[in-house]
């Protein structure tokens, strides 16, 4: 199972901007897919709101530089390709445009940190997977992320199989023998074809060694005979999360991608169910937490191994002098307000080399929408 969100790369670089003035603009874009001007105008309105927020937050000295960065960034956007959502992230040290392949809610924020929940969600579901298409003519390999795949054309892929068995129709050995020898010959021919196809799949499986990322999910498609022969010789069966029987050789990449993504969604669902069962076992071993105060402390101490959280769960919280004590209502001597303490907990778990599993809303209702499996 892969529940790890990478701590390097995009998320890591944006986290490093904590403490600086950070602009986060997240816009739903799918409804504008055929109206280029509409999303562009919506973005311009959002940037005008950013400018107002900069004034309101007392950041006048940064307005000219940050707005120039934001305008330059928006000028690089192809407004004909918006996916489901569009995000802009701007600070003195970061400029980034992100497209989200899932629905998002509009957010325009100017704070001392970036709004990263949508990026975390995207990274979690961006687990790479592979799609292997087997036919009697050979094999094709695709790599996918979300509902998009591209064909791998390297290390011998796509791989063609040619059966060079030479068929010579036998003559009857005698009138009394009838077609017995012909039937035996046909049987031998079929068995030889099977042996050669099995050997080909063994060769193909070896080529996968140089292509597959360790532990990445693998989905195999093909008619029953090809699936069976591949299963007999493959050393990658531990990575196979589903085998789909059928003739998909003529399906286009978009159809294959949607088929694979449906499998991946079930994979994520099963992963979440397995982790929930593990969490319930750990509760009995005193290695599971569901109280937000306890989770806050454990995450800061580095004891968080796996955090399960409902994908849209957000909650404000507050800190006083003792930053290990979390307040859900403003204390008399408040030191800091946390607009979304859940996001802070997620980041803390990741920074301490823990992992995250997002689940559908409502699945963790009995555990206050968040659950933590402890290392110790």
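Within the range 15-24, identify whether any single residue is closer than 17 Å to residue 77 by Cβ, outside any helix (DSSP H, G or I) and modelled with pLDDT of 95 or more, and answer yes or no. Show your work before the answer.
Taking the range 15-24 first, the residues closer than 17 Å to residue 77 by Cβ are 23-24.
From what is left, the residues that are outside any helix (DSSP H, G or I) are 23-24.
With the extra rule that they be modelled with pLDDT of 95 or more, the set shrinks to 23-24.
Within the range 15-24, one or more residues are closer than 17 Å to residue 77 by Cβ, outside any helix (DSSP H, G or I) and modelled with pLDDT of 95 or more.
If a residue must be assigned to a loop (DSSP other than H, G, I, E, B), within 24 Å of residue 105 (Cα to Cα) and in contact with a strand residue (DSSP E or B) (Cβ under 6 Å, 6 or more places away or on another chain), how many such residues does the range 314-362 contain? Residues meeting the conditions: 1. Residues that are more than 19 Å from residue 251 (Cβ to Cβ) and touching a strand residue (DSSP E or B) at 6+ places or on another chain (Cβ under 7 Å) within the range 205-225 comprise 207, 211, 212, 216, 217, listed in sequence order.
Restricting to the range 107-128, name every residue that is part of a strand (DSSP E or B) and out of contact with any helix residue (DSSP H, G or I) (no Cβ under 6 Å at 6 or more places or on another chain). Please lay out each step first, then the result.
Of all residues in the range 107-128, those part of a strand (DSSP E or B) come to 107-111.
Correct list: 107, 109, 111.
If you scan the range 279-296, which residues turn out to be surrounded by 17 or more Cβ atoms within 10 Å (Cβ to Cβ) and assigned to a helix (DSSP H, G or I)?
279, 282, 292, 295, 296
The values are calculated or read from the model by the stated rules, or taken from the named source; none is laboratory data. The structure presented is a predicted model; accordingly, all values stated were derived computationally and were not measured. Using ideal geometry, Cβ is built from the backbone for each residue, glycine included, and neighbour counts are taken over all protein chains shown.
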